[in-house]
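The structure under discussion appears below in the form of structure tokens.
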Amino acid sequence: MGSIGFGCVVLLSGTIILKYGFKTMHIIGIIMSCIVILLIAMKFKNIEADGNPNRGKLIAVFKNKNSVILGIINILIIGTYTAIEFAYSTYLIEITGNADLANSIYSKSIFSRVCVEFISFMLVGKYLKDKKPKKYLIIAFLIGTTRILLFSTGSIPLVVLGDQLHGLMYGCYLTFLFKYIREVVDDELVAGTYSFVSVLGSAGANFVYPHMFSTIQRSFGYTAMYLVGFSIMIISLLVSIKILPKGKQSIKQS
């Protein structure tokens with residue numbers, strides 16, 4: 001539901017910007033932020049933790065070979081994929097040469113892709129729930145890698161098509177990541193490993209990749225930036241096929 005809400009907000013925001021300008025959108029954003037803050041302050045209750053987090057389990061995650069391998073692969077593939085996302089809106093401005101047109105394409109593209117993501121989650125959950133997690137996790141990586149390659153073409157139809165692949169990729173990735181983790185680590189490490197891998201693929205990657213990709217973009221352009229991202233992802237994808245544990249039979253004791 002979060003993705004659908006995000007898509008609706010982006011579509012609505014794009015329409016408001018086209019009709020009334022960025023200033024109006026900023027004012028609406030400030031008002032909405034204040035409303036959310038007030039709701040949190042007035043309606044949410046304080047909940048105290050029952051005790052200290054179990055640091056032993058976190059240390060066990062770091063010592064577990066399968067957790068570390070999956071974390072490294074995730075920061076190389078999903079980390080690159082996530083970090084390079086920052087350029088999409090400005091990239092559209094460059095290839096269209098028109099900020100209003102780029103904004104219109106961006107808002108409609110985002111709305112469309114979250115609809116694709118919603119449908120993807122339903123179809124994957126219904127028809128692929130019993131499939132091998134490693135296979136479909138790698139397929140998700142491949143879809144994400146293809147998206148970045150399509151972005152590098154500079155062709156508006158291919159770029160928009162590539163953006164729709166995000167919905168397919170995330171429907172597959174998020175569905176099978178947790179299932180795969182359950183197959184390759186002991187039960188008590190599943191939650192910790194999932195958190196560890198997820199953080200590396202999002203916040204962890206943002207320590208390195210955005211600055212690196214923005215430097216490449218300023219020096220060599222968007223095409224070079226996307227091709228570098230594609231190269232990192234495709235090499236990591238090929239490596240992951242070889243080194244990712246196969247499943248339940250490859251569980252390692254920490």
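All of the numbers you see were taken from the coordinates with simple rules; none came from a lab. Quantities reported herein were computed from a predicted structural model and do not represent experimental measurements. Methodologically, a virtual Cβ is constructed for each residue, glycine included, from the backbone with ideal geometry; neighbour enumeration extends over all protein chains shown.
Data for the structure
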item: Residue 161/residue 218 FRET efficiency (R0 41 Å; Cβ-Cβ; nearest 0.05); result: 0.95
item: Mean Cβ neighbour count within 10 Å, used as a protection proxy, ranking 175-181, 79-85 highest first; result: 79-85, 175-181
item: Sequence of 34, 115, 172 once ranked by neighbouring C-beta atoms within 10 Å, starting from the fewest; result: 34, 115, 172
item: Cα-based reach from residue 129 at 18 Å (exclusive), listing aspartates and glutamates while leaving out same-chain residues under 8 positions away; result: 117, 183
item: Segment residue 182-residue 98, length gained on full extension (0.36 nm per residue, minus Cα span); result: 25.5 nm
